[in-house]
Amino acid sequence: MLRLREANPADAEKEWAFVRDMPEDENGLTNAWHGVTREDFMRKALPAMLAFARGENLPEGYVPETVFFLWQDDTIVGQFRIRHFLCESLRTGAGHIGYFIAKPFRGRGLGTEGLRLTLEKAREIIPEDEIYLRVNRDNPASLRVMLKNDGRIVSEEESHFFVRIPKLAE
Ligand SMILES: CC(C)(COP(=O)(O)OP(=O)(O)OC[C@H]1O[C@@H](n2cnc3c(N)ncnc32)[C@H](O)[C@@H]1OP(=O)(O)O)[C@@H](O)C(=O)NCCC(=O)NCCS
């Protein structure tokens, strides 16, 4: 069974291993905690994630962000993040949602299904009527994931497409 679970202390062991192994930056999806030790994950990374979701201890200019892990049965296969609302830099930049599927699990529809589940969460969190996304032009797999979730390209620049997806009805 595939489901999204918000980052939480009960899942910390598996969350730690997943975050440690996520690359620092792949196609613009960044991970500040690449290589993190177990101790630092428990003491710093996870508390920081939980605080960000509550809108606490945010770096200057950041909006609240909730981190979800995508679970296939008892295994974490991906991470999906929702930024709760747009600020100017998100509106013209990375948008509301970022996601990552671990390499061994790619190409099986999990990115597409994970984004579908994230859009269901987004309707409870995001006030805007449309979900803003950005994707590198040289990342056709991610663009496909967006388009299969009713995304449409609204603009482009040298290295990115900007995509919007209507927010699901409440
Ligand atoms: C992008 C990413 C999430 C996709 O995850 P995934 O689980 O492999 O995605 P899916 O299996 O649901 O779908 C991938 C789609 O892209 C297509 N695809 C894959 N490689 C492709 C390529 N080189 N050219 C065109 N299409 C490609 C697949 O065929 C599939 O489409 P289909 O179902 O119509 O056949 C994953 O590659 C990833 O985490 N990449 C690193 C981080 C990243 O890029 N995040 C997104 C930042 S915007």
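The numbers here are math on the coordinates, done by the rules we state, and not lab data. All figures in this text were calculated on a predicted structure; none of them were measured in a lab. FYI the Cβ positions are ideal-geometry reconstructions off the backbone, even for glycines, and counts take in every protein chain you see.
Any chance you could check the Cα centroid distance between the range 12-61 and the range 66-94 for me, in angstrom?
A separation of 12 Å, based on Cα centres.
How high is the relative contact order of the range 2-166, given as a whole-number percent (alpha carbon pairs under 8 Å, six or more residues apart)?
It rounds to 17 percent for the range 2-166.
Of the candidates E124, E65, E113, which one comes out as most mobile in a Gaussian network treatment of the chain with C-alpha springs shorter than 10 Å?
E124
Tell me, rounded to the nearest percent, the portion of alpha carbon pairs in the chain spaced more than 28 Å apart.
Cα-Cα pairs of the chain separated by over 28 Å account for 18 percent.
In which sequence would E13, E130 go, from the one with the fewest C-beta neighbours within 10 Å to the one with the most?
Least crowded to most crowded, the residues run E13, E130.
Taking 0.36 nm per intervening residue step and subtracting the Cα-Cα distance, what contour gain separates R54 from F85 on full extension?
In short, 9.9 nm is gained.
In a Gaussian network model over the chain where Cα atoms closer than 10 Å are linked, find which of G28, G78, G98 has the largest mean-square fluctuation.
Judging by the Gaussian network model, the answer is G28.
Springs between alpha-carbon pairs under 10 angstrom, Gaussian network model over the chain: which of R116, R54, R20 fluctuates most?
Residue with maximal mean-square fluctuation among R116, R54, R20: R54.
Could you give the length gained by full extension between E128 and N27, i.e. 0.36 nm per residue of separation minus their alpha carbon distance, to one decimal place?
33.8 nm
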